[in-house]
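Below: one structure, written as C-alpha cells.
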Amino acid sequence: MSVLSVEGLGKTFAAGGMFRASGKAKRAVDDVSFRLDSGETLAIVGESGSGKSTTARLAMRLLQPDAGTICWGDEEVGALSGRALRQRRRHIQMVFQDPFASLNPRMKIWQSVAEGLRVHRPGLTRRQRRDKVAETLQLCGMDDSGMDRYPHQFSGGQRQRIGIARALIVEPEVLVLDEPVSALDVSVQAQILNLLQDIQRQRGLSYLFISHDLSVIRHIADRVLVMFAGRIVEQGRAAELFEHARHPYTRALLAARPVTHPNERSAEASEYDSNGEGEAEQGCAYQPRCPNAAADCAAFDGQPGDNGYACLHPVE
C-alpha cells in the first residue's frame with residue numbers, strides 16, 4: 001500500500017535571491033513522480049542542487065508545488081492549508097540534517113520533543129506529555145534523565161536521536177530524513193542508521209531518505225531514485241542499481257565514492273568520473289559531462305522510460 005505518492009511534481013524558483021547571479025529562473029524539480037510503500041525505505045540521491053531536498057519539502061507540503069499532485073495515503077493534500085494541513089501532517093514528519101539548528105536552544109529537551117503533541121494531542125496533561133516524551137526518547141536510545149537539559153548539553157549524535165524522537169512523538173506513518181547523518185562522525189552515523197532500521201521494524205514506518213552519500217544509501221535503502229537537474233534519471237531496487245547502474249550520471253556518482261585503497265577504483269569507474277560541469281538547457285541536461293553524449297541527446301526529453309532510466313546511450 002502506498003503511504004506517499006507524487007505525480008508530475010514541479011517547482012520553479014524565480015530569478016533573484018540565490019539565483020541572482022544567473023539572472024534566470026531555476027527549474028528545481030521537473031515532472032517528478034514516485035511512490036513510497038508501507039514499511040519501505042525509498043532513497044533519493046544526487047549531488048548538491050539536483051533537486052532532492054526540494055522534492056522532499058514539496059512532498060511534505062513545506063513548499064507549495066507549481067505543478068503535480070501529492071497524496072498522503074489515499075488523500076490528495078495539495079489543496080490543504082492552515083489548520084487542516086497542520087492536523088493532517090501527523091501522517092508525515094521530518095528529521096533534519098542539522099540536529100542543533102532544528103532544536104530551540106532556549107527550550108528544554110522534553111519541551112522540544114513534546115511540541116507536536118500540542119497540535120495533535122492537545123488534551124494531554126503536562127504529566128502525560130512528559131511520560132510520552134520519556135517513552136519516545138527511550139525508543140531512540142536516550143536516557144530520560146536528561147529531559148530537563150538543553151540542546152547544547154548533548155553531543156551531535158544525541159541531538160540527532162532527540163530530533164528523531166521529536167518526529168516520532170506524534171506517531172507518523174512516514175519519516176522524511178533529509179541528510180540525517182551527514183553532520184555526524186562515521187561511527188555515530190552507523191549507530192543512527194541502525195537505530196532507524198530498528199525503529200522501522202518495530203513500528204512499520206516508511207522512510208523517504210535524502211542523501212548524497214551512496215555508502216549510506218546502500219546500507220539503508222530498498223529502492224533508489226537518482227536525481228540530476230531536477231529530474232529522475234534512474235531508479236530501481238538498491239542492490240540492482242548499485243551493481244548494474246545504466247545511466248552515466250549514476251556511474252559518475254558511484255565512481256566518486258570514497259575507497260579504502262586506490263586500487264579499488266576500476267578503470268571503468270574512472271571513465272565515468274565527471275569530465276565537465278554545468279547543465280545543458282536543451283535536451284538531456286547531463287550532456288556537458290557525459291562520456292556517452294551524442295548529437296541526438298540534444299533532442300532527448302530527459303524522461304525515464306519503462307526500463308527505469310533516462311538516457312539514449314545507457315551503459316551496457
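Check the straight Cα-Cα distances from Lys108 and name the lysines below 27 Å, setting aside those fewer than 8 residues away within the same chain. Straight-line reach from Lys108, under 27 Å: Lys132. Compactness of the chain was expressed as the Cα radius of gyration divided by 2.2 N^0.38 Å, which yields 1.05. The figure for His247 is an accessible area of roughly 0 square angstrom, using a 1.4 Å probe on the protein chains alone. The modelled label-to-label distance between Gln282 and Thr125, using points 7 Å beyond Cα along the C-beta direction, is 7.2 nm. Accessible surface computed residue by residue for the chain, with neighbouring protein chains in place and a 1.4 Å probe, gives 48 Å² per residue.
Each Lys and Arg contributes +1 and each Asp and Glu -1, all at the Cβ; summed about the Cα centre of the chain, the dipole is approximately 1880 debye.
Taking 7 Å steps out from each Cα toward its Cβ at Glu75 and Arg35 produces label points 2.0 nm apart. Net charge in the neighbourhood of Glu281 (other residues with Cβ under 13 Å of its Cβ; Lys, Arg +1, Asp, Glu -1) is +1. Remark: the range 132-204 carries a charge dipole of roughly 40 debye about the Cα centre, counting +1 on each Lys and Arg Cβ and -1 on each Asp and Glu Cβ. Surface calculation, 1.4 Å probe, protein heavy atoms: Glu47 sits at approximately 50 Å² accessible. Other residues whose C-beta falls under 15 angstrom from the C-beta of Leu184 contribute a net charge of -3, scoring Lys and Arg +1 and Asp and Glu -1. Cross-link reach is defined here as a Cα-Cα straight distance under 23 Å, omitting same-chain residues fewer than 8 places apart; for Lys26 the lysines meeting it are Lys11, Lys52.
Which FRET efficiency value, to the nearest 0.05, is calculated for Arg118 and Asn194 with the Förster distance at 30 angstrom and r the Cβ-Cβ distance? Once rounded, the FRET efficiency stands at 0.45.
The sum of -39500 (n - 2.57) across all DSSP H runs of n ≥ 4, divided by the residue count of the chain, sets its helix-only mean residue ellipticity at 222 nm to -9000 deg cm²/dmol. Computed from the Cβ-Cβ distance with R0 of 41 Å, the FRET efficiency linking Asp148 to Asp66 stands at 0.35. For the pair Val186 and Asp98 in one chain, pulling the backbone fully straight at 0.36 nm per residue adds 30.1 nm over the alpha carbon distance. The slack in the chain from Glu243 to Arg203, taken as 0.36 nm per residue of separation less the alpha-carbon distance, amounts to 11.4 nm. Accessible surface of the range 1-152, 1.4 Å probe: 48 percent of it comes from carbon and sulfur atoms. Could you tell me how many degrees, from 0 to 90 and to the nearest 10, lie between the Cα long axis of helix 126-139 and the main elongation axis, the longest principal axis, of the Cα atoms of the chain? The helix 126-139 is inclined about 50 degrees to the chain. How many percent of the alpha carbon pairs in the range 16-152 exceed a separation of 27 Å? Everything past 27 Å amounts to 39 percent. A dipole drawn for the chain from +1 and -1 charges on Cβ atoms has a positive end, and of Ala134, Ala256, Thr41 the residue lying farthest that way is Ala134. Between amide H atoms placed 1.01 Å from N, distances below 5 Å from Met142 occur with no residue 5 or more places distant or on a separate chain. Computed from Cα atoms, the angle from the helix 109-120 axis to the main principal axis of the chain rounds to 80 degrees. Between helix 156-168 and the chain there is an angle of about 80 degrees, using the helix long axis and the longest principal axis of the Cα atoms. With the whole protein complex present, Arg127 retains an accessible surface near 140 Å², based on a 1.4 Å probe.
The values are calculated or read from the model by the stated rules, or taken from the named source; none is laboratory data. For clarity, every value in this text was computed on a predicted model and none was experimentally measured. When we count neighbours, we look across all protein chains shown, and the Cβ atoms used for this are built from the backbone with ideal geometry, even at glycine. Calculation scope for accessible area: heavy atoms of the full protein, side chains included, ligands and nucleic acids excluded. Shrake-Rupley method; radii C 1.70, N 1.55, O 1.52, S 1.80 Å.
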